[in-house]
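Let me begin by presenting the structure, written as structure tokens, before commenting on it.
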Amino acid sequence: MEHALEPDPARGVFSTMLVVDGRPVELDPHLAQLRESVRALYGIELPAAAAELVLEEAHSFELARVRLAVCVGADGTPRLEAAVRAVARSLVLPDEGLDLRAAVVERWNGAHKWVDRRLLDRLEAAAGPASALLVERDGRVLETTRANVFALGNDGVLRTPPVDGSILPGVTRAATIELARELGVTVHEGPLTRAHVDAARELFATGSIRGIESVRSLDGAPVGDGVRGTLTETLAEVLRGRWLAPDGARVRAGHV
């Protein structure tokens, strides 16, 4: 299925953050990502009140997601909007695997997180009940409609698509690369092909709420042994310590 419409820039861009005990997780990297999008798309700066607004919305929630959106009026004035809602513990770093189905796209531009998700929702609906995995016509695997993608090959190399304008430079993606390298895993940021994911012994997705989520099947075929792999489990446990430690303290990979 090729995409047939472009997002409406007037509806703005956004970032979604996990909230744990009133604390937005990875607030600064999320704001940096949103700041880059606002500069690139609208030629203006993210309002200084962004961080304060997120903190104000998040402070009374034990476990939630907060979405910070920025839209720009015809006069070039940016407007911030933050919305928060509680989330179930089962949605954060879930144990249940993810099923993916390939959705063919062409000349995909995923560098920004658009408020206008009509196209992504359409792709997701077509892939249901699985989640859509966006694949270019030339066989390059990009991302899901909500997450970045990693594939662990039989050679021990962890591969993920490069930040070249075709995927979102996800905050959890960057954290996962850092954690994997701390564990001594070779990480290759380069074209991820359908051959790579079909032969992967582990495949997982990364996002700001669900964290590191194992992929158990692709187009109905099991990934690897069809169970959550060792590296996926290890990375998820380290991230769980980062995100869900009661005092918010960072847990280094070497200490787990």
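What to note about this one:
One line per residue, one yes/no per condition, for (1) out of contact with any Lys or Arg (no Cβ under 6 Å at 6 or more places or on another chain); (2) farther than 21 Å from residue 197 by Cα; (3) at pLDDT 95 or above:
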| residue | (1), (2), (3) |
| --- | --- |
| 52 | yes, yes, yes |
| 58 | yes, yes, yes |
| 127 | no, no, yes |
| 133 | yes, no, yes |
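- Applying the criterion of at least 1 residues that are outside the structural domain of residue 169 (by TED's automatic domain parsing), surrounded by fewer than 18 Cβ atoms within 10 Å (Cβ to Cβ) and without any contact (Cβ under 8 Å) to a residue 60 or more places away in the chain to the strands (runs of 3 or more DSSP E) found wholly in region 19-133 leaves 63-72, 78-86.
- Check on residue 193, among the β-branched types (Val, Ile, Thr), farther than 22 Å from residue 90 by Cβ and modelled with pLDDT of 95 or more: yes
- Candidates 172, 176, 206: the one that is buried (at least 22 other Cβ atoms within 10 Å of the Cβ) and either in contact with a Lys or Arg (Cβ under 6 Å, 6 or more places away or on another chain) or outside the structural domain of residue 109 (by TED's automatic domain parsing) (or both) is 206.
- Among helices (runs of 4 or more DSSP H) entirely within region 139-256, having at least 1 residues that are within 30 Å of residue 107 (Cβ to Cβ) singles out 171-182, 194-199.
The values are calculated or read from the model by the stated rules, or taken from the named source; none is laboratory data. Note that the structure is predicted; figures quoted are calculated from it, not measured. So basically every Cβ, Gly included, is an ideal-geometry build from the backbone, and we count neighbours across all protein chains shown.
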